[in-house]
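Coordinate-derived values only; no laboratory data. These numbers come from a predicted model, not from an experiment. Note: ideal-geometry Cβ built from the backbone for every residue, glycine included; neighbour counts use all protein chains shown.
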Ligand code: FCX
């Protein structure tokens, strides 16, 4: 039976000539033009990255390897008794483009299980943080600490051939991904449960094991699987994915690259928005004495936030122009499992109230909710109420997609990233002002 690594190796052999041909024979073909607004404006929309792992259509939302999230969830094998698929199967799909069968998934589950033990020094580093630290800072540091384990670094020092970079990177990626749930659960228990620790179970898949270490009953295993799967990838230009790719392009190892991308994810305009949504909702709930506001009252809360110059967290997107399918999937899950949850009712009221207000406000190009508007609501329902922790969960999911991308970056020999900057003077000259 072929392993994931062997299947991947065959895919890489097939893909390499395609990239080589484009580069050698069509390298001068123009892909895009760049305007001054894009240069000043965070490079919005410039087509300057390539990945085959996911593609974000502004109207439709994300597809992984050409499949919608519904198709991914439908097509991937599921553990017995679970409604959501194996996260390990998603990793297989992202890497190879193929849906694995039950046996192929089991191989990956076993691989992860073998590699899941976290070295003692990582716990020591986590323990040395003050308990008032933000969990994303601890998470990023814990990952960074693992850098001494890097297979890539060891082999590179010994003289690794360029064509074999991906294999050592693959080993690092699996070693890291297998440990992330344990590291995250340890941080959670340290910060919010007085260090109480529940050990992992080598017989469980990633989602179930995470639920076990968090000490939360079913269907939290499915919640975790859904969460990690839908957060895994959103093409290459978003802050976390781009950071991971950028740092890895200097041949920094997976640990350095993933730690860096976690720091980007920790910003309130990106992943941290899911904690901000709950913080915002809590403020409203406190003001309302936990009663559900009327539509008019909720509208007033939204306007107050906008009028004080703040953004409404969980709404808007740099690329999407419709309701995020990741939001929709979580809303459907909530309607099925927690329809009467007060926070869900609050979030649902926001869904009704915010888009027309943002349209009237006239600034946001996309008034619709994104993934972060709903993920915290589900966590809250299952008892994870320390919302500072939510971005760590996002980080576990996002690491899966970025690791898959970095392995392919190395396989296809993508070079050091190095765009060119200009001065304001130069821009004024280009504009014809000077
Ligand atoms: N509330 C209020 N104002 C908003 C807004 C929102 N939710 N979304 C966008 N705007 C404003 C922007 O701040 C900007 O104002 P400015 O002209 O004064 O600078 C203007 O509308 C145009 O922004 P736009 O082009 O639509 O959006 P950007 O690409 O600049 O930014 C984000 C996209 C996502 C950063 C923006 O919509 C936002 O701040 N949303 C709230 C935070 C959030 O939910 N982030 C998570 C996004 C994502 F899903 C993730 O990464 O996790």
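Converting the Cα gyration tensor eigenvalues of the chain into ellipsoid dimensions via √(5λ) gives semi-axes, longest first, of 33, 30, 21 Å.
State the percent of C-alpha pairs, over all pairs in region 100-153, separated by a distance greater than 13 angstrom. Counting pairs separated by more than 13 Å, the tail of P(r) holds 68 percent. Per-residue ellipticity at 222 nm from helix content only, as computed over the chain with -39500 (n - 2.57) for each DSSP H run of at least four residues, stands at -18500 deg cm²/dmol. Share of pairwise Cα-Cα distances greater than 23 Å in region 147-289 is 50 percent (whole percent). Kindly provide the Kirkwood hydrodynamic radius of region 240-299 in Å, to one decimal, from all pairs of distinct alpha carbon atoms. Answer for region 240-299: a Kirkwood hydrodynamic radius of 13.8 Å. Residue order for 245, 337, fewest other beta carbons within 10 angstrom first, comes to 337, 245.
What list do you get for 348, 340 if you sort them by fewest beta carbons within 10 Å?
Details: 348 18, 340 7.
Listing 348, 340 from fewest to most nearby Cβ atoms yields 340, 348.
Footprinting exposure proxy ranking of 98, 324, fewest other C-beta atoms within 10 angstrom first, gives 98, 324. Based on the Kirkwood radius over alpha-carbon pairs, what value in µm²/s does the Stokes-Einstein equation return for the translational diffusion coefficient of region 273-381 at 25 °C and 0.890 mPa s? Answer from the Stokes-Einstein relation: 178 µm²/s.
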